[in-house]
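Nothing in this text is a laboratory measurement; each read-out follows from the coordinates by a stated rule. Values in this document were obtained by computation on a predicted structure and should not be read as measured data. Backbone-built Cβ (ideal geometry, glycine too); neighbour counts: all protein chains shown.
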Amino acid sequence: MNLRPSGSVQKGFHDCRDAAVSGLSWTLIVGGGLYLWRQTRTGARYGRYVEANSRCCPARLAWFLQEFPAFLLPLLLLLLGQRLLLLASFMLHYFHRSFIYAFLTRGRPVPLFIVLCSAIFCSLNGFLQAHYLLHCRRLEDTWLTDAHLAAGLLVFVVGMTINIHSDHILRSLRKPGETVYRIPHGGLFELVSGANFFGEIVQWCGFAVAAGSLPAFAFFFFTVCSIGPRAYQHHRYPQNPSQHQHRFRIIQ
């Protein structure tokens, strides 16, 4: 016997969950603002700022665990969907983070709390972006020729290139097994203190322009609030106070 009210429609797996999309998007926006406020008072305690008594996870495993959900969840939804281009761009970043960057990094161990929070964020954001693009976005017949799509994807590629190249420069500063911090030179590090962060912000700005959606903008806004202060924190605290050239670069 059907106990649902007359006229009600039961949503299937492929139907758009408007309330979830809106709720998660505003959670990113509000959460990004709160995280920005927190970082103006105390910086995120990982990397060179990790506390000595923190329980940590090895850097390579940490990056894999915290970034992989943002690749896995869209992949699972993508297997049941048909819209590829924008979601493939999103997944390209997290494929690189989960399967390439995570196994090349020479960073310090990451506090377990940071790994857990990052994994939760990537899970929620991965679901949000994939669900919206696959089940909520309404595409016109001419969407592939839209100027904002082409411009956004171009900016995305430029940002990702900057991010990957900057990560390579940072990695080359350390020999295997080293965790010492050295001020980077070359590439955009000659102009911007946090060139890797700058590249990622540019990348997600391009994604937001290409997607033209609230979830994509919310993710971009959260990214700015999250790693923007991190770049400023790096800019203020060079390894050696005598290395003043670091302070004359642009603060990202």
Can you list the residues, at least 5 places off or on another chain, whose amide H is less than 5 Å from the amide H of Cys56, using H built in the peptide plane? Leu112
When the chain is fully extended, how far beyond the present Cα-Cα distance does Ala147 get from Leu112, taking 0.36 nm per residue of separation? 8.3 nm
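If eta is 1.002 mPa s and T is 20 °C, what Stokes-Einstein diffusion coefficient results for the range 179-237, Kirkwood Rh from Cα pairs, in µm²/s? If you can, show how the numbers build up before the last one.
Working: Rh = 12.4 Å.
Reported coefficient: 173 µm²/s.
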Long-range amide H contacts for Tyr181: which residues qualify at under 5 Å (H placed 1.01 Å from N, peptide plane, sequence gap of 5 or more or a different chain)? none
In nm, to one decimal, how far is the Leu191 label point from the Arg41 one, both placed 7 Å along Cα→Cβ? 3.6
Quick one: P(r) of the range 19-135 from all Cα-Cα pairs, 5 Å bins, percents rounded to integers, in order of increasing distance. 2, 12, 17, 19, 19, 16, 9, 4, 1, 0
Run the numbers on the range 20-236 and let me know its relative contact order in percent, using alpha-carbon pairs under 8 Å that are six or more apart. 30
Residues whose modelled amide H sits under 5 Å from the amide H of Val192, counting only those 5 or more places away in sequence or on another chain, are Ile250
What's log10 of I(q)/I(0) for the range 20-236 at q = 0.15 Å⁻¹, Debye sum over Cα points only, no solvent? -1.01
Estimated distance in nm for a label pair at Arg138 and Val180, the labels positioned 7 Å out from Cα along Cα-to-Cβ: 6.1
Compute the distance in nm between two label points, each set 7 Å from the Cα along the Cα-to-Cβ direction, one at Ile100 and one at Leu75. 1.5
